[in-house]
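The values are calculated or read from the model by the stated rules, or taken from the named source; none is laboratory data. Bear in mind that the values here come from a model prediction, so they are computed numbers and not experimental data. Note that we place each Cβ from the backbone using ideal geometry, even for glycine, and neighbour counts take in every protein chain shown. Just the protein is used for accessible areas: all its heavy atoms, side chains included, with ligands, DNA and RNA removed. Shrake-Rupley method; radii C 1.70, N 1.55, O 1.52, S 1.80 Å.
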Amino acid sequence: QVQLVESGGGLVQAGGSLRLSCVASGRTYSMGWFRQAPGTEREFVAVANWLIGRTYHADSVKGRFTISRDNAKNTVDLQMNCLKPEDTAVYYCAASRAPGTITAAEKAYDYWGQGTQVTVSS
């Protein structure tokens, strides 16, 4: 069983930046981020697959958020710039043990972190 631990959430003003980090206790092929705002379904944000060397970002964050992965450290970071109030949510780290995972589908991910709160004030 792989454990995921997130860090880096907090409160920031609109237009500001935050960087989230997630460390995995074991090897996974894909690591990514999802988020869930109050009263909404959890939604995909971004994923990075080290095996095929690809990243994939949701349209809602493209150009503002950047996912990056350090394979040696089993970590994934999410650099969030130009934050908006609608980015406010609990952000969850997710990981997959399947080699080809580069998808927004939740069911493709095997492991989940506890979540970290990101609040963007207007």
Selection within region 56-76 - in a strand (DSSP E or B), within 14 Å of residue 19 (Cβ to Cβ) and without any contact (Cβ under 8 Å) to a residue 24 or more places away in the chain: 65, 66, 68, 70
Subset tally (residues that are surrounded by 14 or more Cβ atoms within 10 Å (Cβ to Cβ), more than 16 Å from residue 104 (Cα to Cα) and of a type in the set (S, T, N, Q)) for region 39-67: 0
Residues that are modelled with pLDDT of 95 or more and not in a helix (DSSP H, G or I), drawn from region 82-108: 82, 83, 84, 88, 89, 90, 91, 92, 93, 94, 95
Test: residue in region 68-77 that is within 10 Å of the chain's Cα centre (by Cα) and open to solvent by 40 Å² or more (accessible area, probe 1.4 Å): yes
Hits in region 1-38 - residues which are buried (at least 21 other Cβ atoms within 10 Å of the Cβ) and within 20 Å of residue 51 (Cα to Cα): 4, 22, 28, 30, 31, 32, 33
Subset of region 78-99 (residues that are under 12 Å from residue 24 (Cα atoms) and open to solvent by 30 Å² or more (accessible area, probe 1.4 Å)): 97
